[in-house]
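As structure tokens, the structure follows; a few thoughts come after it.
Quick note: the coordinates plus some simple rules give every number you see, no bench work behind them. Computed from a prediction, not measured in an experiment: that's the story for all the values here. Here the Cβ positions follow ideal geometry from the backbone for every residue, glycine too, while neighbour counts run over all protein chains shown.
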Amino acid sequence: MNHSTNTTLTASKGETLQRTRNQILLGILIAVVLPAAIRYNFTYLGGSENNLYNTAIGGVVALVIGYIGYRRLYVFPGYAAGGYVLTSFSMTFGALAVVLIMLRIDYSRLQLLASYLITVALFTFIHLRVFAKRSLILGVVPNGATDRLPDFARVIWHRMSSPSEPLPPLQGVVVDLNADHSDEWSSRIAAFALEGTPVYHVSEAIEQLSGRVEINHLSENTLGSLNPNDFYLKLKAVLDFIAALALLIFTGPLLLVVAVLIRLDSPGPALFRQPRTGFRARPFVIYKFRTMQVTAPQSAADARVHAMTQDNDPRITKLGAFLRRSRIDELPQLINVLKGEMSLIGPRPEAVALTQWYEKEIPFYHYRHIIKPGITGWGQVNLGHVADVDDVRRKLDLDFYYVKNFSAWLDILIVLRTIQTMLTGNGAK
């Protein structure tokens, strides 16, 4: 439950561990220096000094980069962030091992494994000790849109009554930069920035805490600034093609088996084809495994209703229900990725009939098409499939958040959330 307070709050325990440099230094000492010292003093473990030093230097690099990755992922809302520790350090230490092997650099497998395991254990402990139960204390400057703030788990809105009042340790200050403030408050806001305390515009703070950019608070000028990074768009297109080709080759046998099972389970083709709205509002034909009974052709008037998937939809077959929960039904969309019509990650493409309806009902809906649609995305992992206009509005808020925060880090988070969904079935329909 969230709290609002005007009382002085004491600093949380474990303040030493809260500092980034202390965490990194402690990690290097315990996870890198300690295993190296043990190897150096117990020569029977084998290996040369070069072997020892190469492993230690590589361990420091993997630890620092992994820590940066963990903290960058941690800023995004909506996920059990403890999982970032294992994921981030597994990626960096795994990449280190690949580099050492490919460059034929002498290193100690035992020492590297020890550094990796200690790093994961140590930073998991730090996460549980410092971050998992810590409340985020944000100072609130009165006036404007800060008068009414939504509740968020483990967020304490500390409403300041005057510019000179004593304050608890703050992780940031929230202010409505569009409101008129007195000279005293303007000076205090500037002082926060000079002291190194982050100052957030109220809408920015709410976006980062909720993972949504609310369309009701947007204007055409605001949306014009949401164009994603062009370099990352081009890089992502190349990575999408390589990854989709590799996944198609790897999952080829599975795709053939699933296609045969679908044909045996119910009459009709194995693949489902449907016109969808894609990049820059251009229509394309999407490929999925068929999960529903084949029905008679629909009239134009019924096309919109037919395109919607309802809760416990009676058209879904027993095999189709499993394919939807596991997201296996999405795999044929790798063909769309190879054709350049889709990305692995992006806003989900909607049926053309639904898009035409949403554009009439929802302001700015067409802006979700400024990047390629994806097999999975930020809206998908948070809401799953939706069709009702009110739910689509909420999902559109999530899509705009993705466009505004378009980055490799957010894509990595979406991959983690997708894997979680595939394993648990949560978020699928």
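Subtract the Cα-Cα distance of Y40 and F152 from 0.36 nm times their separation in residues, and report this length gain in nm to one decimal. Before the final figure, lay out each step's value.
Values: separation 112, 0.36 × 112 = 40.32 nm, distance 4.98 nm.
Contour length minus the Cα-Cα distance gives 35.3 nm.
Distance cut-off 20 Å, Cα to Cα: go down the list K288/K395; K360/K395; K288/K372; K234/K288; K236/K395 and report the pairs above it.
Working: K288/K395 22 Å; K360/K395 16 Å; K288/K372 17 Å; K234/K288 25 Å; K236/K395 23 Å.
Cα-Cα > 20 Å for K288/K395; K234/K288; K236/K395; rest within.
Which of the peptides 257-264, 177-184, 372-379 is most tightly packed, and how do the rest follow, going by the mean number of other Cβ atoms within 10 Å of each residue?
Details: 257-264: 14.2, 177-184: 12.0, 372-379: 25.8.
Answer by packing, highest mean first, reads 372-379, 257-264, 177-184.
For all pairs of alpha-carbon atoms in the stretch 230-424, what percent lies in each bin of width 10 Å, listed from the first bin to the last filled one?
8, 36, 39, 15, 1
Fully extended, how many nm does the chain gain between R394 and F241 (0.36 nm per residue separation, minus their Cα-Cα distance)?
Details: separation 153, 0.36 × 153 = 55.08 nm, distance 3.02 nm.
This chain segment gains 52.1 nm when fully extended.
If each of A191 and R315 carries a label point 7 Å out from its Cα toward its Cβ, how far apart are those two points in nm?
Between A191 and R315, the simple spin-label model gives 6.3 nm.
Please give the peptides 27-36, 94-103 ranked by average Cβ packing (other Cβ atoms within 10 Å per residue), highest first, as a rough proxy for protection.
Values: 27-36: 19.3, 94-103: 13.2.
Those peptides, ordered most packed to least, come out 27-36, 94-103.
What is the Cα centroid distance between the stretch 162-184 and the stretch 86-119, reported in whole angstrom?
Cα centres, the stretch 162-184 to the stretch 86-119: 46 Å.
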